[in-house]
1. Compute the distribution of all C-alpha to C-alpha distances in the stretch A:16-97, in bins of 10 Å from 0, and list the percent of pairs in each, rounded to whole numbers.
2. Give the residue from A:Ala200, A:Val174, A:Leu228 lying farthest towards the positive end of the charge dipole for the stretch A:123-246; charges sit on Cβ (+1 for Lys and Arg, -1 for Asp and Glu) and the dipole is referred to the Cα centre.
3. So which lysines pass the test for A:Lys230, namely a Cα distance under 20 Å, with those fewer than 8 places away in the same chain ruled out?
4. Between the stretch B:1-60 and the stretch B:188-220, what is the separation of their alpha carbon centroids in Å?
5. Accessible area lost on pairing B with A, both sides, 1.4 Å probe, Å² to nearest 100?
6. Ranked by accessible surface with a 1.4 Å probe, highest first, in what order do A:Arg189, A:Arg77 come?
7. Where in the stretch B:118-150 does accessible area fall by at least 30 Å² between the isolated chain and the complete protein assembly, at a 1.4 Å probe radius?
8. Determine the dipole magnitude for chain B: charges of +1 sit on the beta-carbon of Lys and Arg, -1 on that of Asp and Glu, nothing else is charged, the reference point is the Cα centre, and the result goes in debye to the nearest 20.
Amino acid sequence: MSVRPTQAIRFKGRSYFSLTLAPELPLAEWQNRLDAWLERSPGFFSRNSVILDVRDLALDKDGFLTLLEGLRERAVRVLGVEGGNADWAGPDLPPFMPSGKDVRTPDSETETPVEACVGANRDEAQAPTLATTGNAIRHASPLFIDSPVRSGQSVLNPDGDVIITGAVASGAEVVAAGSIHVYGALRGRAMAGAYGDETARIFCRSLEAELIAVNGLYQTSDEIDPALRKKPAQARLKHGMILVTKFD
Amino acid sequence: MGKVLVVTSGKGGVGKTTSTAAIGAALAQTGQKVAVVDFDVGLRNLDLIMGAERRVVFDFINVAQGDANLSQALIRDKRVDTLYLLAASQTRDKDALTEEGVKRVIDELRDRFDWVICDSPAGIERGATLAMRYADSAIVIANPEVSSVRDSDRIIGLLDSKTLKAESGEGIEKHLLLTRYDPARAARGEMLSVEDVLDILSIPLLGIIPESQDVLKASNVGAPVSINSTTSAAAAAYIDAARRLCGVPVPMTRPTEKVSMFGRFFGRRAA
Ligand SMILES: Nc1ncnc2c1ncn2[C@@H]1O[C@H](COP(=O)(O)OP(=O)(O)OP(=O)(O)O)[C@@H](O)[C@H]1O
Ligand SMILES: [Mg+2]
């Protein structure tokens, strides 16, 4: 056999935005919440895989395996595990990750669907600039979108507000760490405070949304007061509930 | 240098092929040189609507792969002598088309014709993105119903991201052609209104084509409706749309059923 000169293997550095699923104790209760959530967003995990964050769970190996099994039954695909014990590692388990950079506040409750990212500001240097003072979050640069967001498109700003001068179509999705402002009709899905911010709000000139969410709390179009349909409105959280009010 | 138009919709069966043939024929009747190009590999239809199905010898894929030259493959219309068809292959796999092959054929057509009109397949997959790839301008076909409009919205998103014009930053021109518009059903509120569709899609309106038996009759005899029954409302609407494409400011007429309907319709809209 001829000896070939050694060829270097090339690795490329690339950073990805991923969602982290952080179960809470007691686990059984958290799983019930997850089931309820999955009922409203079926298919979400077929489009998005997650990092499982077990830092705060004080699990032993068996508990960890049970948790993974529970997720597998729900078709949640785990890309990697953060905060696990390196001794648990095994070939049939997801890899253990070093800790990632957080773009969430520590008190964030629910994770939020993200499909893809169109026109979002993905500048790595700017990404982890969320500063927390008490409960309030100082968001970095807003993302301006000057064209209509079309069906099938997603707009994501993991750093701050999203400001859209046109409409958001049915079948489109807007996700923001901060607030969402839509100066046209909002017909798709809007998720504000998606990384944990209960002060985030959604503003739109005509409320026709398929779904609105603030800090992980959802309302579907059926639940939105019909009197507000096609009206200029804002949505925010009050006493843990979504409150939608009309602008007069 | 001619202008390349793609006729596209996302949703199937909304009238892309009908519109490609009718607008192509209407433009050709003004003396301009027009090529209509079928991109629907495996499901070709344009040859039937043009009444040229028995005259296809070479097709788009033969030209794209260099097995035939364009002159051999172009089929000249028997009624309007500035109208030509480039047929799709019915037997080949749709992966036989490559981006480079399509570019070469489109470039050559652009040199030889005033208008090159590409009939896109339905869907948002490769066939549809190839058909729009080198277009200067798009005619987005929608029917006045929710699913069609949503798919058109999706296609507009692709036009704004996947075409060469969009990538170069120049942007692609888009026109909305609302087809199969039924004034009686519109009056009963059973379809989206023209305003609703325009509001959702927010691109300029090129025309409103009424639902019409004449379209079916024309396709059964293998003639574009704008040639077969020039006096029908559908043909008139296509002819107007073609004139607007040429920059003539033709006032937009809304298809109506009867005068009484007309009154009721506008009464309701004003409310
Ligand atoms: N204005 C109209 N009035 C009545 N029937 C129409 C009209 N426009 C189109 N049709 C009919 O609708 C059917 C579909 O039209 P056509 O083949 O042009 O659609 P298409 O968008 O090209 O479909 P595909 O996605 O399968 O390629 C045909 O039977 C055609 O005759
Ligand atoms: Mg067709």
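The values are calculated or read from the model by the stated rules, or taken from the named source; none is laboratory data. As the structure is a prediction and not an experimental result, all values here were calculated from the model. Neighbour counts run over all protein chains shown; Cβ positions are idealised from the backbone, glycine included. Heads up: the accessible areas ignore ligands, DNA and RNA and are worked out on the full protein's heavy atoms, side chains in. Shrake-Rupley method; radii C 1.70, N 1.55, O 1.52, S 1.80 Å.
1. 17, 56, 26, 2
2. A:Leu228
3. Within the straight-line limit of under 20 Å, A:Lys230 reaches these lysines: A:Lys246.
4. 19 Å
5. On the way: alone 11970 and 13810 Å², together 24960 Å².
The contact between A and B buries close to 800 Å².
6. On the way: A:Arg189 55, A:Arg77 120 Å².
The ordering from most to least exposed comes out as A:Arg77, A:Arg189.
7. B:Arg150
8. Rounded to the nearest 20 debye, it is 680 debye.
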